[in-house]
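For reference, the structure discussed in these notes is given below.
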Amino acid sequence: MRICVICSQAYPDSGFRCPSCGCPDDWYNLRELGFPASVDRSYRLVSVRPSGGTRPRLILEERAGGERVSAALLPKSRLRETFLEKLRLQKEICSDRLPQVLRIEEADGGGFFFYEAVEAETLAEQLEQEFPAGRLKAQEIMKEIRAALEDLHAASYRYGSLFTEQIIRRNGRVMFADFGAGMAGRGEGMTMKELRGYLEKGYLVPE
């Protein structure tokens with residue numbers, strides 16, 4: 001059986017498209033997504049996850065050894081240099097609050113980067129199972145997020161807008177698991193105040 005990279009439904013190996021959403025099988029050409037042929041020959045796409053930012057999170061598996069990495073294309077917009085600057089800083093500081101940057105490949109008008117594959121439940125997925133969080137739980141989560149942001153600030157790294165799809169919570173420790181609008185501080189992510197209000201939705205919280 002194959003597992004669809006878009007909707008996670010299982011379907012027979014003999015199929016070329018997922019019968020649920022019509023997605024091509026997980027061996028389809030990564031060049032269609034903008035990656036060079038060398039990446040397509042070495043890796044296969046095994047998962048596409050929402051990130052809340054400007055691009056989905058792609059999980060690739062090495063065809064030879066089976067090691068998994070996340071991958072994303074470098075932006076082509078005027079934000080490219082700012083993005084690259086933060087990407088290089090992230091590679092340098094090696095903070096456990098962020099995925100480790102493994103490889104940066106720049107090219108004229110394009111390029112891509114590989115980073116540590118974080119295949120864990122996001123805060124968004126956790127909230128789907130238990131929402132709203134309630135006042136005390138919201139305060140606990142916000143305390144963990146604030147500590148993570150302070151750790152990054154101490155390393156001269158400023159994280160941007162917050163997305164619940166980019167926040168990983170494991171054993172009371174938070175990391176930010178993706179790139180994009182959140183990294184650049186742009187987009188429709190939440191502020192700390194907005195996130196707290198979202199977590200407490202449905203509860204009367206005295207000011």
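Only one of 61, 67 is without any contact (Cβ under 8 Å) to a residue 24 or more places away in the chain, surrounded by fewer than 15 Cβ atoms within 10 Å (Cβ to Cβ) and over 15 Å from the mean Cα position of the chain (by Cα). Can you tell me which? Reasoning before the result, please.
On the way: 61 fails: surrounded by fewer than 15 Cβ atoms within 10 Å (Cβ to Cβ).
Being without any contact (Cβ under 8 Å) to a residue 24 or more places away in the chain, surrounded by fewer than 15 Cβ atoms within 10 Å (Cβ to Cβ) and over 15 Å from the mean Cα position of the chain (by Cα) holds for just one of 61, 67, which is 67.
I'm trying to understand the selection: among the residues of segment 120-142, which are of a type in the set (Gly, Ala, Ser) and either surrounded by 15 or more Cβ atoms within 10 Å (Cβ to Cβ) or modelled with pLDDT of 90 or more (or both)?
124, 133, 134, 138
Identify, please: which residue in segment 105-119 is at pLDDT below 85 and out of contact with any strand residue (DSSP E or B) (no Cβ under 9 Å at 6 or more places or on another chain) and is, among those, surrounded by the fewest Cβ atoms within 10 Å (Cβ to Cβ)?
108
The values are calculated or read from the model by the stated rules, or taken from the named source; none is laboratory data. Small disclaimer: the values here were computed from a predicted structure and weren't measured. Positions of Cβ are generated from backbone atoms using ideal geometry, with glycine treated the same way; all protein chains shown enter the neighbour counts.
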